[in-house]
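Here the structure is laid out as structure tokens; the discussion comes afterwards.
Values quoted throughout were computed directly from the atomic coordinates according to the rules given, and no laboratory measurement underlies them. No experiment lies behind these values; they were computed from the predicted model shown. FYI the Cβ positions are ideal-geometry reconstructions off the backbone, even for glycines, and counts take in every protein chain you see.
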Amino acid sequence: MEIEGTVYRIMPETSGTSARGEWHRQDVVFEYTDGAYQRKLSVTFFNKPEEVARLREGAAYVVSFNIESREYQGRWYTDVRAWRVQPKQPAQPAPAPMPDMPPVMEEPSYSSPAASAEVDDLPF
């Protein structure tokens, strides 16, 4: 999935060590427009501290993410994990309209009146 939004808040980093090694997790809250409403979405960046370091609050980004739910001891938990974040490109301005052109004049005739009276017997 993908949204276009601005960074509302960058939360503090959480880190730890598991059986697989050291991990880093940081949540970033994005604000985006859904129809007529402003919505906020907390997105988790897991082991991507360099991507979070490039984000700035108030800046616009396009965020690609996956949503996944899992069960733990009878309760369900949902993660929204980012896998790509890119700065939003500003909209390209519409090209300027062409200026008004002067009217096209008729092409001048280069043949002389005496030449048009001659018979042309060439095949080409």
So how strong a dipole does the chain carry about its Cα centre when Lys and Arg Cβ are +1 and Asp and Glu Cβ are -1, to the nearest 20 debye? 1600 debye
Per the charge dipole of the chain (beta-carbon charges, Lys/Arg positive, Asp/Glu negative, Cα centre), the residue among 86, 38, 123 reaching farthest to the positive end is 38
Of the candidates 22, 107, 71, which one comes out as most mobile in a Gaussian network treatment of the chain with C-alpha springs shorter than 10 Å? 107
Relative contact order of the stretch 2-87, please, whole-number percent, based on alpha carbon pairs below 8 angstrom and at least 6 residues apart. 29 percent
When the convex hull of the Cα atoms of the chain is projected onto a plane and the area is averaged over all directions, what value comes out in nm²? 20.6 nm²
Quick one: which of 46-54, 72-80 comes out on top by average Cβ neighbours within 10 Å, and what's the full order, highest first? 46-54, 72-80
